[in-house]
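Only one structure is covered here, and it is reproduced in the block below.
Here, each number is a calculation from the coordinates, and none is a lab measurement. Keep in mind that this is a model prediction, so the values were computed, not measured.
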C-alpha cells in the first residue's frame, strides 16, 4: 500500500466516523455543524501539508541565500501561465542545508534570463550562489497587497574558498 492509499483510507475512516456521529448521535445541531466544519478544515489542511511532503515544488519564498542546483522554465503559452521551477540548497549559518528543495516561482522574463545564465554556468562547473529578498513596497498586511510575496533574486558565481597561509 502506498502512502497515497494510506492517507486516502485514513480520511475515508474519518468520514465514516463523522457519518456515524451525524446520524446516530443525539448531539445538538450546532455540534454536528462544528464537526462537519472541523473535518472539512482537516481535509484542506492535510492536502496542503501532504503537498509539501510528497515532493511538489513549494510555493513559499526562496531562502535568503541558496546554491542553485537546477532550473526548469515553463514559458507562458496561450491560456496557460508560465512558471519557473528551481531546485536550490539553502545556506543556513554559512553551511548548505542537509537537503535541497524545489520551488515554483511565477514566470518573469528577467528572472527567466537570470536563471538561464546561471544554469549555463552550472553546466560549465561554476557553482552559482543566489540571494532572495522581498521586494520593497508599502507597509501593512501582506495578504492585502497583491504581489507582496514577490522577491528580488540575484545569482552570482560562488566565491572561491580562501585557504589559510602555510
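Relative to the longest principal axis of the Cα atoms of the chain, the long axis of helix 3-24 makes an angle of roughly 30 degrees.
Axis of helix 29-53 versus longest Cα principal axis of the chain: the two differ by about 30°, to the nearest ten degrees. Per-residue ellipticity at 222 nm computed for the chain from its helices equals -13000 deg cm²/dmol, with DSSP H segments shorter than 4 residues left out and the rest contributing -39,500 (n - 2.57).
Shape summary of the chain, radius of gyration then Dmax from alpha carbon positions: 22.6, 82 Å.
Using only Cα atoms, find the angle between the long axis of helix 109-123 and the longest principal axis of the chain, and express it within 0 to 90 degrees, rounded to the nearest 10. Relative to the chain, helix 109-123 is tipped by roughly 70 degrees. Taking a ≥ b ≥ c as the square roots of the eigenvalues of the Cα gyration tensor, region 3-53 is classed as oblate, since a/c reaches at least 1.5 and a/b does not exceed b/c. Within the listed set 80, 154, 135, the Gaussian network model of the chain (springs between alpha-carbon atoms below 10 Å) gives the highest mean-square fluctuation for 80. Please check: in the Gaussian network model of the chain (C-alpha springs, under 10 Å), which one of 18, 50, 111 has the largest mean-square fluctuation. Highest fluctuation of the listed residues: 18.
Among 106, 96, 28, the largest mean-square fluctuation in a Gaussian network model of the chain, built with springs joining Cα atoms closer than 10 Å, belongs to 28.
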